[in-house]
Structure formats: C-alpha cells, structure tokens
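Each reported figure results from applying straightforward, stated rules to the coordinates on display, with no laboratory input. Just so it is clear, the model here is predicted, and its values are computed rather than measured. Ideal geometry is used to build each Cβ from the backbone, glycine not excepted, and the neighbour counts take in all protein chains shown.
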Amino acid sequence: MALKLCSLFSRTERSCEEKSPNLVARSRISRDEEYDFDDATSKLTPLSVVADAFVELSEVVKANGFDYDLDLKTFCDACSLVSHLFGCLGKPFKFAELDYRSKVSDLAEASESYGTLNNILNFDVQNDTVRVRGSLSRYLRRVRQGLDLLRALFQNFVSSDDTCLKEAASTAYAKTCAPYQTWAVRTAVSMNRHKGKW
C-alpha cells in the first residue's frame, strides 16, 4: 500500500471532534503493523522525493564533515522540492508556500554569485546586513523556518492518534514561526485559525 502525501491530509475538512477511530486507523501507518510497500517503488510520492533529496544532502555533509561548506545550488534544488508539500496542505498554507518559493528562488539565483551557504552568511556578516530586510541570510533563515514548520507539522501529525491537522499545524506554527513573526502576522494567523480556515 503506497501512502501518498495528500492522503495524509484528507482530514483537513473535518474538525477534530468529527474524527472517528476508524478514520484515524485508515489514515495512519501504525508502527505495529507491517505494510507492503512494493508498489511504492514504482511511483515516487512527493514526500519520498523530498526525503531522498535531503538524505543525499545529509550524506554529503556527513562524508565531508560538519564544517563542509554546502553548495548553495544543491541546497536550493532540494529545498525547491518542499514547496509541493506546502501545496498539499491546502489554502491555509498558501501564503507560506508563496513566501517559501520566492525565498528559495532568490537563493537559487544568488548561487551563481555566492556559490555556498557560508559565503552568503560571511557576506552579510561582513556588511552588517544579516538583519536587513531582503538580505540573503534572512532568506536562508526563512527557508529554514519553512523546513522546520513542515518537520514539526509531520512530527505532530503522526506522533499521536489524537492530533488532527488543525492541532498539528497550530502547534508547529507556534513552535517554529510565531517567535520570529510580528504581532500583526501572528494575529492574522490566529484569526484564520479561529475562523476555521485551518
């Protein structure tokens, strides 16, 4: 049984109270059960493509040591795959998807000039532009926040049978993005959450 990413989020239209035990059982892979993933190799899911790309990045860094200066283009290529995952999460994540895509695109363009992640950071530190709006190091931080948001969302979503997408997204947002956003953005997110747009 191949598990597709979008099927993980098929419950987005339901409230947490509407979940039935059968729905939870069908929508999750139990850690206690074994599934036949033979047919999963014939067609890669968006999540498996992203996982493979980041496993490759991890292997490069591990092989070269953690002081290795990662190629910016390679990093951006892996990160660009993640934007599809934001799209699978629906309208509440549309702004995050657009913001994430634009930051990855800007970093990919900069890869021709800067080459590596450390070169971006060194340039912004030397020019005291790390905190300046539009700096590449800020874009890098925003991309990292997007990755952290998805990581936290997936961890929250699969870690408990009681978690619905709304709860998982709220917790992930509060943990990864809210501390870095302005009061106005946090308020807008909160209003959308309470209006049921999550």
In which sequence would 166, 43 go, from the one with the fewest C-beta neighbours within 10 Å to the one with the most? 43, 166
Would you please give the residues with an amide H less than 5 Å from that of residue 116, counting only those at least 5 places away or on a separate chain, with H modeled from the backbone geometry? 72
Starting from the Cα coordinates of the range 42-194, work out the convex hull volume and express it per residue in Å³. 134
In order over the range 93-105: 3J(HN,Hα) from phi, Karplus 6.51/-1.76/1.60, θ = phi - 60°, whole Hz, x for each Gly or Pro, gives 9, 4, 4, 4, 5, 5, 5, 4, 4, 5, 5, 5, 4
Run the simple label-point estimate for residue 64 and residue 118 please: 7 Å along Cα→C-beta, distance reported in nm. 0.9
